[in-house]
Amino acid sequence: MDSGCEARTQAQKAAEIEEMFELFEDWSDKYQVLIDLGKDLPPMNPADKNEETRVIGCQSNVWVEAHVAQTDIGPVVEFSADSDAAITKGLVSILWRVFSGQPAKNILLFDIDDFIDRLGLGAHLSMQRRNGLSGMVRRIKALAAAAG
């Protein structure tokens, strides 16, 4: 877990990711950013990669699992996630960076569609990847809703 990650708000984390993408104009470079983000995703416990944590609707295998900590500001949700495909793992990493370590209520309120549009990903992902990304977001928000 990235302890510095917890102290930053979702907006700050989103802005950092946007800055990474803004460094490049060419989409092949931006796809490389996605792949690199995926490589930096903390490893997921292999025992947590199972049918219960698998995201339905993704073309590749994606797993998302949550741990909830009760705090004075309400439940905070830490996610672990992984994928067996490089670009998809990068998408998982973006979601992990924005959502993990945040209060459940903030996860539910964050406008992920607007964020994805600001990155330009919506227009550059295949329909299958967009559907998979939507499935990942639904899973994360369902886990946050169950925590809160």
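The values are calculated or read from the model by the stated rules, or taken from the named source; none is laboratory data. Please read these numbers as outputs of a predicted model, since none were measured by experiment. Counting neighbours? That spans all protein chains shown, and the Cβs are built from the backbone with ideal geometry, glycine included.
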* Asked: Given the structure, is Gln59 surrounded by fewer than 17 Cβ atoms within 10 Å (Cβ to Cβ), part of a loop (DSSP other than H, G, I, E, B) and out of contact with any strand residue (DSSP E or B) (no Cβ under 9 Å at 6 or more places or on another chain)?
  -> yes
* Structure fact -> Expected single match for out of contact with any Phe, Trp or Tyr (no Cβ under 7 Å at 6 or more places or on another chain), within 13 Å of Ala14 (Cβ to Cβ) and either hydrophobic (A, V, I, L, M, F, W, C) or surrounded by fewer than 18 Cβ atoms within 10 Å (Cβ to Cβ) (or both) among Leu95, Leu143 is Leu95
* For segment 108-126, state whether one or more residues are modelled with pLDDT under 95, in contact with a Pro (Cβ under 9 Å, 6 or more places away or on another chain) and not in a helix (DSSP H, G or I). => no
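Test Val76 against the stated conditions and say whether it is assigned to a strand (DSSP E or B), crowded, with 16+ Cβ neighbours inside 10 Å and touching a Pro at 6+ places or on another chain (Cβ under 8 Å). Give the steps one after another, and end with the answer.
Working: assigned to a strand (DSSP E or B): yes; crowded, with 16+ Cβ neighbours inside 10 Å: yes; touching a Pro at 6+ places or on another chain (Cβ under 8 Å): yes.
For Val76, the condition - assigned to a strand (DSSP E or B), crowded, with 16+ Cβ neighbours inside 10 Å and touching a Pro at 6+ places or on another chain (Cβ under 8 Å) - is met.
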* Number of the exception - Asp40 against (1) touching a residue at least 40 places away in the same chain (Cβ under 8 Å); (2) more than 12 Å from the chain's Cα centre (by Cα); (3) surrounded by 14 or more Cβ atoms within 10 Å (Cβ to Cβ) -> (3)
* Answer yes or no: is there a residue in segment 122-129 that is surrounded by 22 or more Cβ atoms within 10 Å (Cβ to Cβ) and under 25 Å from Phe21 (Cβ atoms). => no
* Does segment 69-90 contain at least one residue that is among the polar types (S, T, N, Q), at pLDDT 95 or above and more than 26 Å from Glu22 (Cα to Cα)? -> yes
* Structure fact -> Restricting attention to segment 113-140, the residues that are out of contact with any Phe, Trp or Tyr (no Cβ under 8 Å at 6 or more places or on another chain) and either basic (Lys, Arg) or farther than 22 Å from Glu78 by Cα (or both) number exactly 15
